[in-house]
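Working notes, structure below.
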Amino acid sequence: MATFISHNPTETQALGEEWGRLAQRGWVIGLSGDLGAGKTQLVKGLARGMNITGRIQSPTFPLINEHCGERLQLFHIDLYRLETREQIIAAGLEPYLIRPNGVTVVEWIERWIGDQPPAAANFKFRRVHIQTLGETDRQIDYEDIGS
Ligand SMILES: Nc1ncnc2c1ncn2[C@@H]1O[C@H](COP(=O)(O)OP(=O)(O)OP(=O)(O)O)[C@@H](O)[C@H]1O
Ligand SMILES: [Mg+2]
């Protein structure tokens, strides 16, 4: 597990941007953290790293925003409004959460996997937790699970 301490939104975006530059088809990045932790800020950076120019905001309805990158598509999902796995599957989101044809980033990933990592992921899954330490300090812990 790696830990990154961010002192402001720019640093959080810079971390996302670094990931975006390295992103590969099939990656799923699962974000957890309280309201206002900075999940969407991280996605903004991720999109920039993938050379996506459109505006990034948390999807509400629809639950997913698709962005065309230079190399890959970015699927940005927000599960805040869905309570159970069954609801997520009924919403048709499962294919994006398992080996997407592009890169998927998911806010409120715990709605899908609870506190557990996905069992034996056969795709690259990056589990990210953002903790609010102070007004602008954030602790970002992340770990890659699967291949
Ligand atoms: N170090 C930091 N990293 C990220 N955001 C920060 C940081 N310090 C302050 N902020 C502020 O915190 C807010 C984070 O908002 P953001 O929408 O990214 O949160 P979120 O986790 O996506 O929340 P939600 O669960 O409501 O979607 C922004 O207003 C941002 O400016
Ligand atoms: Mg958000």
How about the stretch 1-14: which of its residues are assigned to a helix (DSSP H, G or I), surrounded by fewer than 21 Cβ atoms within 10 Å (Cβ to Cβ) and in contact (Cβ under 8 Å) with a residue 40 or more places away in the chain? P9
Test for I88: is it farther than 27 Å from S6 by Cα, touching a Lys or Arg at 6+ places or on another chain (Cβ under 9 Å) and more than 14 Å from ligand 1 (Cβ to nearest atom): yes
Which condition number in (1) away from ligand 1 (no atom under 16 Å from the Cβ); (2) open to solvent by 10 Å² or more (accessible area, probe 1.4 Å) is the one that Q41 fails? (1)
Could you pull out the residue among E110, E143, E94 that is under 16 Å from G30 (Cα atoms), loosely packed, with under 14 Cβ neighbours inside 10 Å and in contact with a strand residue (DSSP E or B) (Cβ under 7 Å, 6 or more places away or on another chain)? E143
Quick check on A121: is it assigned to a loop (DSSP other than H, G, I, E, B), under 14 Å from the mean Cα position of the chain (by Cα), surrounded by 15 or more Cβ atoms within 10 Å (Cβ to Cβ) and touching a residue at least 12 places away in the same chain (Cβ under 8 Å)? no
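Please state which one of G92, G33, G114, G54 is of a type in the set (G, A, S) and touching a helix residue (DSSP H, G or I) at 6+ places or on another chain (Cβ under 6 Å).
Values: G92 fails: touching a helix residue (DSSP H, G or I) at 6+ places or on another chain (Cβ under 6 Å); G114 fails: touching a helix residue (DSSP H, G or I) at 6+ places or on another chain (Cβ under 6 Å); G54 fails: touching a helix residue (DSSP H, G or I) at 6+ places or on another chain (Cβ under 6 Å).
Exactly one residue qualifies, and that residue is G33.
Taking the stretch 28-83 only, how many residues are outside any helix (DSSP H, G or I) and more than 13 Å from ligand 2 (Cβ to nearest atom)?
Filtering the stretch 28-83 for residues outside any helix (DSSP H, G or I) gives 28-38, 50-83.
Applying the additional criterion that residues be more than 13 Å from ligand 2 (Cβ to nearest atom) yields 28-30, 50-55, 61-62, 64, 66-75, 82-83.
Qualifying residue count, the stretch 28-83: 24.
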What about E86, is it part of a helix (DSSP H, G or I) and open to solvent by 40 Å² or more (accessible area, probe 1.4 Å)? yes
Within the set of pairs 6+ apart or on separate chains, which have a first residue in the stretch 42-59 that is closer than 21 Å to F4 by Cβ, a second that is within 13 Å of ligand 2 (Cβ to nearest atom) and open to solvent by 40 Å² or more (accessible area, probe 1.4 Å), and C-beta atoms under 6 Å apart? I56/K44
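The values are calculated or read from the model by the stated rules, or taken from the named source; none is laboratory data. Bear in mind that the values here come from a model prediction, so they are computed numbers and not experimental data. Virtual Cβ from ideal backbone geometry, glycine too; neighbours counted across all protein chains shown. Surface areas here come from the heavy atoms of the whole protein model, side chains and all, with no ligands, DNA or RNA. Shrake-Rupley method; radii C 1.70, N 1.55, O 1.52, S 1.80 Å.
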